[in-house]
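Written out below as structure tokens is the structure these notes cover.
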Amino acid sequence: MDRICNVLFLCTGNSARSVMAEAMLNHIGKGRFRGYSAGSHPAGRVNPFAIELLRAANLPTAGLRSKSWDEFAKPGAPQMDFILTVCDNAAGEACPVWPGKPITAHWGVADPAAVEGSDEQKRAAFGEAARILRRRIELLASLPVAALDRLAAQAKLREIGKS
């Protein structure tokens with residue numbers, strides 16, 4: 001592949017799943033993929049359990065923030081190759097029109113930030129969400145993207161989202 005593929009992970013609050021996916025893809029897909037994240041109604045902060053989990057995995061957290069998906073629909077924003085929703089709410093919302101007609105897929109993951117209970121129960125929920133995201137991101141990073149046509153790439157992304 002002669003260029004880096006840009007991937008935008010979307011979630012409603014952009015405080016946990018999408019931010020974790022951004023950090024993971026930037027690590028796992030280094031040199032081939034660049035991850036971004038955003039939300040339709042950003043929480044305004046990254047969930048502390050997400051930051052804790054990423055740091056424990058030795059993944060960089062500098063620069064991670066909760067932001068609106070509008071940032072990526074404006075002129076001058078990075079053009080996305082793939083847009084992946086990681087929460088069911090964002091998948092059902094009317095999204096902005098994305099320049100370049102990126103390939104889209106839904107990778108639903110249960111919201112760990114919605115878990116109530118002890119800190120250990122919350123950490124377990126974040127760990128499970130991270131495990132699912134990491135596996136899907138590893139599958140994405142292993143795809144021969146340059147060799148796939150648009151329909152094949154979309155089919156593969158949807159298949160990964162069901163794994």
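The values are calculated or read from the model by the stated rules, or taken from the named source; none is laboratory data. What you are looking at is a predicted structure, and each value in this text was computed from that prediction instead of being measured. Please note: Cβ atoms are built from the backbone with ideal geometry, for glycine as well, and neighbour counts cover all protein chains shown. Side chains included, ligands, DNA and RNA excluded: accessible areas come from the protein's heavy atoms. Shrake-Rupley method; radii C 1.70, N 1.55, O 1.52, S 1.80 Å.
Things to note:
- The portion of the accessible surface of the chain made up by carbon and sulfur, rounded to a whole percent, is 52 (1.4 Å probe; DNA, RNA and ligands excluded).
- Listed peptides 131-144, 106-119 appear in the order 131-144, 106-119 once ranked by packing, highest mean of other Cβ atoms within 10 Å at the front.
- Protein heavy-atom accessible surface, 1.4 Å probe, per residue over the chain: 51 Å².
- Contact order, relative form, for the chain: 25 percent (alpha carbon pairs under 8 Å, 6 or more residues apart, mean separation divided by residue count).
- 10 °C / 1.306 mPa s Stokes-Einstein diffusion coefficient of the chain, Kirkwood radius on C-alpha pairs, µm²/s: 101 µm²/s
- For region 7-122, the dipole from Cβ point charges (+1 on Lys and Arg, -1 on Asp and Glu) about the Cα centre works out to 500 debye, to the nearest 20.
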